[in-house]
Amino acid sequence: LPKRCTGGVVNFVVLWNGTVVLCSDFRTCEKMHLCHISEFNENWGSEKHKAIVEGVDPSKCPRCSFFMHDRIVDEFVYGDVSNQFFI
């Protein structure tokens, strides 16, 4: 399993009511709701956004559409010493 969730950093879903959700797999989970789409620019990349993503425990996700993406980021970006200068 990946050590961290990266799906909520590169992906989001907008629900029918304008709610921006950071995980397409957990779109009904309130803790993944970032804001209303009208407040997107103020919230994307904010401390709230970071807190939501950092609060995700990949070992507790029953399925993840971004599993392979997260694994690649873990192994080849964060795990590769030559990339540590860029992170």
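The values are calculated or read from the model by the stated rules, or taken from the named source; none is laboratory data. The structure displayed is predicted, hence computed values, not measured ones. FYI the Cβ positions are ideal-geometry reconstructions off the backbone, even for glycines, and counts take in every protein chain you see. Quick note on the areas: whole protein, heavy atoms, side chains included, nothing else; ligands and nucleic acids left out. Shrake-Rupley method; radii C 1.70, N 1.55, O 1.52, S 1.80 Å.
Structure above, values below:
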item	result
Accessible surface, region 1-52, averaged per residue in Å² (probe 1.4 Å)	62 Å²
q = 0.15 Å⁻¹: log10 I(q)/I(0) that the Debye formula gives for region 11-69, counting C-alpha atoms only	-0.42
Efficiency of FRET from Cβ geometry, Lys3 and Thr28, R₀ 25 Å, rounded to 0.05	0.50
